[in-house]
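Structure record follows, encoded as structure tokens.
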Amino acid sequence: MFAIIARSRPASLAGLTIERRVHVDTPYGRPSAPLIYGAIAGKSVVVLLRHGDDHEIAPHRVNYRANIQALYDAGVEGIVAIATVGGMRDHLGPGTLLIPDQVIDYTSGRAHTFYDTDDGTAHHVDFTWPFSENIRRRLLTSARNAGIRIEDGGCYGCANGPRLESAAEIRRMQRDGCDVVGMTGMPEIALAREKGIPYGAINIVVNFAAGLGDSAQAVAHDQLLEYGRTAMVTVARLLATFIENKEKA
């Protein structure tokens, strides 16, 4: 069974049949929302709403450890996470879908590891390639089979939020090699790696990042919401193809 980490509001996942919602507890507290057990394309999935049912949890306040622990306890075989991002390259404008292959963490103050207890052992988890290449390839193949245009690869820069970035911060991220910027990838990706859960992501570009393109003077918040809603129709179709064909991959 695969897990889908969505932003909020399960109604945005067209084709999801909800069977039950399960409230769970973990040693790190409660996850953002109850686990939603259901089906997509006739195959069992579990959905976790990262920002809560009504998008009430800001990125820096998400209990990432509880979220990943809850999915680990549920026995999921992999995670596909959905996130909206700002594009930093000319070809990554609003409406673009991207399957990232790298990440740079700019966050601070977040509980970023399960290995923070004094147990006398230092744990070092390999993070050379943060995203599961198997899931990435399966998502790309599913997009091709569904006739969905998608970008293969890119570096996700994770900012702290909840404010958007300054133009200077975006220029710095560009120099560092980032292609898109978001606020929720870390420590989510690293925690999944610590638990041994393969993790892939679908990034929805909803705006050009601060200082770029039509965001040169300011980022239009209403535009972000509209591009996100529109793109979710395509993302839901991609997920249905991915889940339906996962045994064939």
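The values are calculated or read from the model by the stated rules, or taken from the named source; none is laboratory data. Not measured: the values here are computed from a predicted model. Positions of Cβ are backbone-derived with ideal geometry, glycine not excepted, and every protein chain shown enters the neighbour counts. Remember, those area values only see protein heavy atoms, side chains included, never the ligands or the DNA or RNA. Shrake-Rupley method; radii C 1.70, N 1.55, O 1.52, S 1.80 Å.
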Indicate the gyration tensor shape class of segment 1-85 (rounded, prolate or oblate), computed on the Cα atoms with a ≥ b ≥ c the square roots of the eigenvalues: a/c under 1.5 is rounded; otherwise a/b larger than b/c is prolate and the rest oblate.
-> oblate
Across 5 Å bins from the origin, how do the percents of Cα pairs in segment 84-161 run, short distances first?
-> 3, 11, 18, 18, 19, 12, 9, 5, 3, 2, 0
DSSP beta bridge pairing in the chain, given as percent antiparallel to the nearest 5 | 35 percent
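For segment 103-170, what is the charge dipole size about the Cα centre, in debye to the nearest 20, if Lys and Arg each add +1 at the Cβ and Asp and Glu each add -1 at the Cβ? List each step's numbers first, then the result.
Values: 7 positive and 10 negative charges, 114 e Å.
So the dipole magnitude of segment 103-170 works out to roughly 540 debye.
Ordering Met1, Met232 by accessible area with a probe of 1.4 Å, largest first, what comes out?
Details: Met1 60, Met232 20 Å².
Putting Met1, Met232 in descending order of accessible area: Met1, Met232.
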Net charge (Lys, Arg +1; Asp, Glu -1) of residues whose beta-carbon lies under 13 Å from that of Arg229, Arg229 excluded, is 0
Of the residues Gly109, Gly87, Gly38, which exhibits the maximal mean-square fluctuation in a Gaussian network model of the chain defined by a 10 Å Cα contact cut-off?
-> Gly109
Gyration tensor on Cα atoms of segment 99-247, a ≥ b ≥ c root eigenvalues, a/c under 1.5 rounded, else prolate if a/b beats b/c, else oblate, says oblate
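Hull surface divided by four, with the convex hull built on the Cα atoms of segment 22-70: how many nm²?
Details: hull surface 14.4 nm².
For the Cα atoms of segment 22-70, the hull's average projected area reads 3.6 nm².
If the viscosity is 0.890 mPa s and the temperature 25 °C, what Stokes-Einstein diffusion coefficient in µm²/s follows for the chain when Rh is the Kirkwood radius over Cα pairs? Please report the intermediate quantities before stating the final value.
Working: Rh = 18.2 Å.
It comes out at roughly 135 µm²/s.
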If amide H atoms are built 1.01 Å from N in the plane of the peptide, which residues on other chains or at least 5 residues away come under 5 Å of the amide H of Val103?
-> Tyr156
Under 14 Å from the Cβ of Ala167, count the other residues' Cβ atoms, weight Lys and Arg +1, Asp and Glu -1, and hand me the total.
-> +1
By what distance, in whole Å, do the Cα atoms of segment 120-199 stretch along each of the three principal axes, largest value first?
-> 43, 38, 22
Gaussian network model of the chain, Cα springs within a sub-10 Å range: biggest mean-square fluctuation belongs to which of Asp179, Asp118, Asp101?
-> Asp118
Near the amide H of Ala81, under 5 Å away, which other amide H atoms are found, from residues 5 or more places off or on another chain, if H is placed in the peptide plane?
-> Ile5, Gly200, Ala201, Ile202
About its Cα centre, what dipole magnitude does the chain give when the only charges are +1 on Lys and Arg Cβ and -1 on Asp and Glu Cβ, stated in debye to the nearest 20?
-> 540 debye
Computed log₁₀ I(q)/I(0) - Debye formula, equal Cα scatterers, no solvent, segment 183-246, q 0.22, 0.28 Å⁻¹ | -0.99, -1.10
Under the Debye formula (equal points on every Cα, no solvent term), log10 I(q)/I(0) of segment 33-127 at q = 0.10, 0.11, 0.15, 0.24 Å⁻¹ = -0.39, -0.48, -0.88, -1.44
For the chain, what relative contact order do you get, as a whole percent, if you take Cα pairs closer than 8 Å and at least 6 residues apart?
-> 27 percent
Top positive-direction residue, dipole computed over the chain with Cβ charges, set Ile150, Gly52, Gly200 | Ile150
Segment 149-249: trypsin sites (Lys or Arg not before Pro) falling in loop per DSSP and having at most 12 other Cβ within 10 Å = Arg149, Arg163
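Could you size up the charge dipole of segment 63-143 around its Cα centre, putting +1 on the beta carbon of Lys and Arg and -1 on that of Asp and Glu, and report it in debye to the nearest 20?
Numbers: 6 positive and 10 negative charges, 85 e Å.
Using only the charged Cβ atoms, the result is roughly 400 debye.
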May I ask for the distance between the Cα centers of segment 49-84 and segment 19-37, given as a whole number of Å?
-> 10 Å
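How much accessible area per residue does segment 198-249 have, counting only protein heavy atoms and a probe of 1.4 Å, in square angstrom?
Result: 47 Å² of accessible area for each residue.
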Highest-fluctuation residue, Glu151, Glu194, Glu19 considered, GNM on the chain with Cα pairs under 10 Å | Glu19
